[in-house]
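One structure below.
The values are calculated or read from the model by the stated rules, or taken from the named source; none is laboratory data. Model, not experiment: these values are computed from the prediction. Reconstructed Cβ throughout: ideal geometry from the backbone, glycine too, with neighbour counts over all protein chains shown.
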């Protein structure tokens, strides 16, 4: 027996041990014991029509949504040229993409480029790459994280901020206070607090030759430049810890982040092949630093959501939007599952999960690199992978795909 | 917690063939299924298989009970030719597929989340060290295509031979072999192991 066969037989035996014969209900007696839904025979007869209930209700709901959407579309005021970068409550007019050649600002409607920030603009080192991007202040302010070689040859990370004008131009590009992080390599997760005063980002600190770098969450106060670091407590022998996404809880005192245990981690912080055992955790960051494990676990991996690659708390703090991969692994260098599911999981008791988007058409990029970002309202979600776009009633509305873009924000 | 002596067994029950009950008519094209004997001997085992395939115990119990309820409703009709246990197993697998299809539809249109396959509660140390690894295996198993998952469960939980798996699933021996090999390979890849 191979190791895989042994582990499989062991796991199946463990499941079997959980189903003890003496705890099984007699035939037809399960429902009377657990709340009286009727006997198995009655249930069987009832399901003949009940199985149609969900599709019929869904079809009715979709019809209603289509009718409402059409009505709203007909009577909605058309966006005026100029004005702010983001109409209140509406679809953001511009989105910002981080790509291999720098940062680009594009019009949502047409994909036309309105501004560019070069790869090396502002960064003091000879080579720097954009690692992360996040929007704040209702889509007007942005933070971009560069990492690369500093003037003295060591690794450095720089955090720059800029804002968008009403015409989609970039203004005020500057290194933020406390935004130079010497000796740290930037990760891919960045988030701006709801009031725009703090930024949280993942960084790696080299520990020792051939030892995995120490993963930390750095929190920078943009007004004072004060920094705090959160690390450790999630270690597991034989695995790397990865944090592919961070979001802020309302109030700006706590973070919600996705942690994974990976056999291997790509340079952008994503797990290599394998099931990453995801956990969505909270972390209170009001102190001067501490352990990543000091918060609590909000969500575990589930059967259908075992390979969660992104998890963002909604701005109202009532749900978590997760991106999960499933299905067959494809790809040569870094095979990844090709089915992608975006769901909103409620944190309130009794709430129902909502499927926001599902695709089984190979939208996942090699290496499993998927990014999810949201506007300030939580209504408009941006998905970036092999294809990028925003989620509109269960559909991916494609956006112009910049070459090599790996994350978008608005 | 005391271990269930019947749990996790790897051998095919020798008395798998059901016999007609006393007083029952014997139709020309097949013996009637002895529901009582099958239920008594194999109910728990079938629920366990269903748990492994659908991921939660209430659904698994529903699936198996529905199979027996249907069999009971058709008790006067001719039974299938050949191995009755294989027939009931096939019915349970069909029930699991239907449950998963319904769940997919419900999930797509706003239904509730699924749950992880039930693992027994053991010591805290066990929970930390072993349960996590098992969950990984089960999650990887769940991610496999349905046919592969069924073949692996029948083979590595029930310990069925390839010919028996072929009979239960209604596929050829070669398909069983290739499906099992691909399933194991995919599982190994998902777990980061060389197979």
note = Going through (1) more than 21 Å from residue A:279 (Cβ to Cβ); (2) at pLDDT 85 or above one by one, residue A:344 fails only at (1)
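Find the residue count for the range A:299-322, including only residues that are outside any loop (DSSP other than H, G, I, E, B) and at pLDDT 90 or above. It would help to see each step written out before you state the result.
Of the range A:299-322, the ones outside any loop (DSSP other than H, G, I, E, B) are A:299-300, A:308-313, A:319-322.
Then keep just the ones that are at pLDDT 90 or above; that gives A:310-313, A:319-322.
Residues in the range A:299-322 being outside any loop (DSSP other than H, G, I, E, B) and at pLDDT 90 or above: 8 in total.
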request  = Please go through the range B:47-74 and pick out each residue that is at the interface with another protein chain (Cβ under 10 Å from one of its Cβ atoms), touching a residue at least 40 places away in the same chain (Cβ under 8 Å) and assigned to a helix (DSSP H, G or I).
outcome  = B:48, B:49, B:50, B:51, B:52, B:54, B:57
request  = With the checklist (1) out of contact with any helix residue (DSSP H, G or I) (no Cβ under 9 Å at 6 or more places or on another chain); (2) assigned to a loop (DSSP other than H, G, I, E, B) in hand, flag the one item residue A:171 doesn't pass.
outcome  = (2)
ask   = Considering the range A:371-401 alone, what residues qualify as being assigned to a loop (DSSP other than H, G, I, E, B) and on the phi > 0 side of the Ramachandran plot?
value = A:378, A:393
inquiry  = Looking only at the range B:142-195, count every residue that is assigned to a loop (DSSP other than H, G, I, E, B), within 11 Å of chain A (Cβ to nearest Cβ) and within 21 Å of residue A:10 (Cβ to Cβ) and tell me the total.
reply    = 9
task = Being crowded, with 18+ Cβ neighbours inside 10 Å and assigned to a loop (DSSP other than H, G, I, E, B) is the filter; apply it to the range A:221-256 and report the residue that is nearest to the chain's Cα centre (by Cα).
result = A:249
key: residue B:40 vs. criteria part of a helix (DSSP H, G or I), buried (at least 21 other Cβ atoms within 10 Å of the Cβ) and modelled with pLDDT of 80 or more   = no
